[in-house]
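Engineer: Here's a structure for you.
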Ligand SMILES: [Zn+2]
């Protein structure tokens, strides 16, 4: 991916900023400017809460180029509490731990880098909800 | 010279305080006995119990983002009202390219903000807090975010490897009447003292062995704390809590005793036995644990130390607002209790100590 492509999507990727439809109130992620529910234009920014649950998952032992450093890791489809399904890595979790239905929360982590001399890529991942007293 | 110019402590024109605070500590723990097992055949006393270690996808940028989000949750302000994002660290992921711009973007503080990275060994974080007090106290900004965060590195086998940990804290400075703790005054004591350093392009730091104690840590911290208390007319008994920079367990215990503080005043903020020395985050993350325990009208003395060398001292007065802030974000103890023990081999992989 070109540096400019990373740069253009930084808001959605750092902080899970999507869109909300002004016509039917559907929450949209990733942002696409057209509401998938009613087909009208939807360009208003929406900050997702980051909370959701694991819908499905798979563990990768042979990671693609640029991601080897963090293997093995688990990629999940996460159903956000606002509705959309998002594909992302799970983090702060052991390979044997994930379960369908597990409550997770968004964190911003290092996704990889463009080689030793390239930029560092940051973006959303999900972790088991932090237990608080 | 007028009397005004002889004043050594710093107090802003407009009263300022902490309107939000947030901690971050990663989940992995390396017991000090693991370091002793590898390098001393297990036959060595250890300066702490265990240290916090960042995971493969964590660095000062990601850790600062989470601490800043916790501070924002407690401050309950709009991130676009922040006019400075300042991150103090010894382990910025880039040599050139600010940590602070990524943090500012991720929390929604861009584009109407200053952003910069601060460096002053372990006091880079409190230096950023001092600057934020001035920036908000002058009226130039309503809110400023100051962070101290580190993923500290020790050369394999070096005594620093037992303690060099990961973690830190974020603070939002703003008007005193919105604060959970008001800054009563601050002070900074600085000299040129080469006790610890890392040359450009070197991976691991060097230190002046026994030079690190008496003329460095102890002299600067006692000078800083005493000058601030003298100027404010306070004494150790006036404080409910005291927090020092904590490179190991013994140094803060000894300096507390020298200054006349009791072990009870030190206890709540003494996190080093369980998370290690988190460098620029050390005193500041200790303060988050103190604020988690603080009640209205408590007084807190915070004293940092940075090699090279300097010490920042701040006197804080806790307000009623602290009670509502406690529950708005995870407590520091929640992060400490989230604990996954690792062995030295896993630690070596996580910290990039394996090379082919
Ligand atoms: Zn719609």
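The values are calculated or read from the model by the stated rules, or taken from the named source; none is laboratory data. As the structure is a prediction and not an experimental result, all values here were calculated from the model. Neighbour counts run over all protein chains shown; Cβ positions are idealised from the backbone, glycine included.
Engineer: If the requirement is being more than 12 Å from chain A (Cβ to nearest Cβ) and surrounded by 24 or more Cβ atoms within 10 Å (Cβ to Cβ), which of these qualifies: B:85, B:60? Give the derivation first.
Structural biologist: On the way: B:60 fails: more than 12 Å from chain A (Cβ to nearest Cβ).
Within the list B:85, B:60, the selection yields B:85.
Engineer: What tally of residues in the range B:143-152 results from selecting those that are assigned to a strand (DSSP E or B) and either within 23 Å of residue B:14 (Cβ to Cβ) or modelled with pLDDT under 95 (or both)? I'd like the intermediate steps shown before the answer.
Structural biologist: First pass over the range B:143-152, keeping only residues assigned to a strand (DSSP E or B): B:143-151.
Filter again for either within 23 Å of residue B:14 (Cβ to Cβ) or modelled with pLDDT under 95 (or both), leaving B:143-147.
Going through the range B:143-152 one residue at a time, the tally reaches 5.
Engineer: Could you please find all residues in the range A:120-133 being within 8 Å of chain B (Cβ to nearest Cβ) and outside any strand (DSSP E or B)?
Structural biologist: Narrowing the range A:120-133 to residues within 8 Å of chain B (Cβ to nearest Cβ): A:120, A:122, A:125, A:130-133.
The answer is A:130, A:131, A:132, A:133.
Yes/no per residue for (1) assigned to a helix (DSSP H, G or I); (2) surrounded by 24 or more Cβ atoms within 10 Å (Cβ to Cβ):
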| position | (1), (2) |
| --- | --- |
| B:97 | no, no |
| B:101 | yes, no |
| B:110 | no, no |
| B:132 | yes, yes |
| B:141 | no, no |
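Engineer: Spot the failing condition for residue A:88; the list is (1) in the same structural domain as residue A:12 (by TED's automatic domain parsing); (2) surrounded by 14 or more Cβ atoms within 10 Å (Cβ to Cβ), and only one is missed.
Structural biologist: Only one criterion is unmet by residue A:88, namely (1).
Engineer: Answer yes or no: is there a residue in the range B:258-271 that is farther than 19 Å from residue B:182 by Cα and in contact (Cβ under 8 Å) with a residue 60 or more places away in the chain.
Structural biologist: Looking through the range B:258-271, at least one residue is farther than 19 Å from residue B:182 by Cα and in contact (Cβ under 8 Å) with a residue 60 or more places away in the chain.
Engineer: Can you name every residue in the range A:1-49 that is surrounded by fewer than 17 Cβ atoms within 10 Å (Cβ to Cβ), more than 16 Å from the ligand (Cβ to nearest atom) and not in a helix (DSSP H, G or I)?
Structural biologist: A:1, A:2, A:9, A:47, A:49 - these are the residues of the range A:1-49 that are surrounded by fewer than 17 Cβ atoms within 10 Å (Cβ to Cβ), more than 16 Å from the ligand (Cβ to nearest atom) and not in a helix (DSSP H, G or I).
Engineer: Can we say residue B:35 is in contact (Cβ under 8 Å) with a residue 40 or more places away in the chain, within 14 Å of chain A (Cβ to nearest Cβ) and either in a strand (DSSP E or B) or in contact with a helix residue (DSSP H, G or I) (Cβ under 6 Å, 6 or more places away or on another chain) (or both)? Give the derivation first.
Structural biologist: Working: in contact (Cβ under 8 Å) with a residue 40 or more places away in the chain: yes; within 14 Å of chain A (Cβ to nearest Cβ): no; either in a strand (DSSP E or B) or in contact with a helix residue (DSSP H, G or I) (Cβ under 6 Å, 6 or more places away or on another chain) (or both): yes.
Criteria not met by residue B:35.
Engineer: Restricting the range A:61-86 to residues that are assigned to a strand (DSSP E or B) and within 14 Å of chain B (Cβ to nearest Cβ), which is farthest from the ligand (Cβ to nearest atom)?
Structural biologist: In the first step, residues of the range A:61-86 are kept if they are assigned to a strand (DSSP E or B); the result is A:73-80, A:85-86.
Pick out the ones that are also within 14 Å of chain B (Cβ to nearest Cβ) and you get A:73-75.
Details: A:73: 34, A:74: 32, A:75: 29 Å.
Selected residue: A:73.
Engineer: Looking at (1) surrounded by 13 or more Cβ atoms within 10 Å (Cβ to Cβ); (2) more than 10 Å from every other protein chain (Cβ to nearest Cβ), which is the one condition that is false for residue A:58?
Structural biologist: (1)
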